[in-house]
1. Being of a type in the set (S, T, N, Q) and either within 26 Å of Ile285 (Cβ to Cβ) or open to solvent by 20 Å² or more (accessible area, probe 1.4 Å) (or both) is the filter here; which residues of region 220-255 pass it?
2. If Leu86 passes every condition in (1) open to solvent by 40 Å² or more (accessible area, probe 1.4 Å); (2) modelled with pLDDT under 90; (3) in contact with a Pro (Cβ under 9 Å, 6 or more places away or on another chain) but one, which one does it miss?
3. Give Glu268, Glu290, Glu258, Glu272 a once-over and let me know the one that is open to solvent by less than 30 Å² (accessible area, probe 1.4 Å) and either of a type outside the set (Lys, Arg) or closer than 21 Å to Tyr429 by Cα (or both).
4. Please go through (1) outside the structural domain of Ile269 (by the TED database); (2) under 24 Å from the mean Cα position of the chain (by Cα) for Lys209 and return the number of the only condition it doesn't satisfy.
5. Within region 296-310, is even one residue touching a strand residue (DSSP E or B) at 6+ places or on another chain (Cβ under 9 Å), farther than 15 Å from Phe266 by Cα, open to solvent by less than 30 Å² (accessible area, probe 1.4 Å) and not basic (Lys, Arg)?
6. Only residues in region 359-375 that are in the same structural domain as Cys49 (by the TED database) count as the first member; pair them with residues that are in a helix (DSSP H, G or I) and of a type in the set (D, E, K, R), Cβ under 7 angstrom, at least 6 apart or cross-chain, and list the lot.
7. Just give me the residues in region 511-525 being part of a strand (DSSP E or B) and over 16 Å from Thr417 (Cβ atoms), in sequence order.
8. Which residues, taken from region 115-136, are closer than 15 Å to Ile199 by Cα and in a strand (DSSP E or B)?
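The values are calculated or read from the model by the stated rules, or taken from the named source; none is laboratory data. Just so it is clear, the structure is predicted and the values come from calculations on it, not from any experiment. FYI the Cβ positions are ideal-geometry reconstructions off the backbone, even for glycines, and counts take in every protein chain you see. In case anyone asks, the SASA skips ligands and DNA or RNA and just uses the protein heavy atoms, side chains included. Shrake-Rupley method; radii C 1.70, N 1.55, O 1.52, S 1.80 Å.
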Amino acid sequence: MHSTHLFLEEPIRMASILEPSKPTFFPAMTRIVGTLGPKSRSVETISGCLKAGMSVARFDFSWGDAQFHQETLGNLKVAMKSTNKLCAVMLDTVGPELQVVNKSEHPISLQEDTLVVLTPDQDQEATSNQLPVNFSGLAKAVKKGDTIFIGQYLFTGSETTSVWLEVTEVNGEDVVCLIKNSATLAGSLYTLHVSQIRIDLPTLNDKDKEVISTWGVRNTIDFLSLSYTRHAEDVRHAREFLSKLGNLNQTQIFAKIENVEGLIHFDEILQEADGIILSRGNLGIDLPPEKVFLFQKAAVYKCNMAGKPAVVTRVVDSMTDSLRPTRAEATDVANAVLDGSDAILLGAETLRGLYPVETISTVGKICSEAEKVFNQDLYFKRAVKYVGEPMTHLESIASSAVRAAIKVKASVIICFTTSGRAARLIAKYRPTMPVLSVVIPRVKTNQLRWTFSGAFEARQSLIVRGLFPMLADPRHPAETTGATNESILKIALDHGKAIGVVKSHDRVVICQKIGDTSVIKIMELED
């Protein structure tokens, strides 16, 4: 893998650093995925998260039952209605995740330089000397000298909540380990990760399939986060499974890259997946810490050039318990934006963190500041060069629309689309202004009832940087005439004015299809 650096726009005025940030309707072009859980499931808190900038709600099935998540989703729907904010739904699978089971839920203290036994006997009680695990093949997978990490939400680097073990002996089905640091494990489940060892479990397990075919189908999920994706075949298998579940054949699959195996097969996985999640918590264990940033930069670059969303995780861990991020974390968020990331995914920070709304707000503000100095000119040139010539019809239209918008200093690009593809291609070239994606529904019938497509396409835009969807009136047909387009354009412009992205005398670039002809128009708005 190679990476291509994106430099800051020059120069940055020192005085501008002291200027207060201006509040806008869009907190940032970069999207924020928030994980909903115990600390972020009330209607009031979710409403705050939506107002602060959350555009995708993640439901992590590593813990909690379907009823718990259903209640949370019900609250999300109420919050969306009260705030008038659209939000997509992401289901995160468990996959081949190894876990320590603590049925008593009592905190467990582990002491440095003592031994602890990992046993597959889940009927045993978790103690300081013995930890039951949910995998019977651990003894066959490891050998003396291997490294194992255990912690709630995995090894964070905080030496008090996560433990580092070294395998000293394999005794039948039990694995005896030396504890390398003292720590207290709290809660009912802790993740266990064996560094650079393949665990022979399916990527999409039976529990995942059951959850998807019940909870996922019931709620027509927009995204499936496929945990521990190791091969392109994992994505193909998941897509084949989804294709048999009615509306879920439209669900987008985001491959979660969490270990060296996924890194090795990254290029093939990227081809198959709809997007990539860089799970830096797990990657930081499989890779030496000094290598993680290299993978991030190379992977995000590849996603950008392929026009597929790149999502970065584990950015503000300290905000789980604190109102402010560390200086390093704030810089890390900004660097993820400068690298070209589409979205920031918050896990423990919003799931069990004390300040979910403040965390989303803070991350949004950092993203917004980084976007102001993102070198769009350099990025655009590299994207065009990567695509090469001759360009496809759609690539040519998308890149031309962005070039025109930047040249005339347009305040917004409005794109009419039915599948969402044209709008995503425009966003791929990272315009400095928001892209208002007007999704025109298609009307379908199975002879028994009429249905409208478009809701999926609109919500799935919510993970793409700079793309802001708006669902058009289904009474407007997909094959529009000039007159119909004008009426939808007026609605889109009125919406843009209402949310504050366009005002009188602004220039607007419009990308639309009339018949078989794609048209790019530049409009100057009157009073």
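1. The initial filter retains those residues of region 220-255 that are of a type in the set (S, T, N, Q), namely 220, 225, 227, 229, 243, 247, 249-252.
Within region 220-255, Thr220, Ser225, Ser227, Thr229, Ser243, Asn247, Asn249, Gln250, Gln252 qualify.
2. Status for Leu86: all satisfied but (2).
3. Numbers: Glu268 fails: open to solvent by less than 30 Å² (accessible area, probe 1.4 Å); Glu290 fails: open to solvent by less than 30 Å² (accessible area, probe 1.4 Å); Glu272 fails: open to solvent by less than 30 Å² (accessible area, probe 1.4 Å).
Only one candidate qualifies: Glu258.
4. (1)
5. No, that holds for no residue.
6. Thr359/Glu349
7. First pass over region 511-525, keeping only residues part of a strand (DSSP E or B): 511-514, 517-524.
Of everything in region 511-525, those that are part of a strand (DSSP E or B) and over 16 Å from Thr417 (Cβ atoms) turn out to be Ile522, Met523, Glu524.
8. As a first pass, look at region 115-136 and keep what is closer than 15 Å to Ile199 by Cα: 120, 133-136.
Scanning region 115-136 gives a single hit, Val133.
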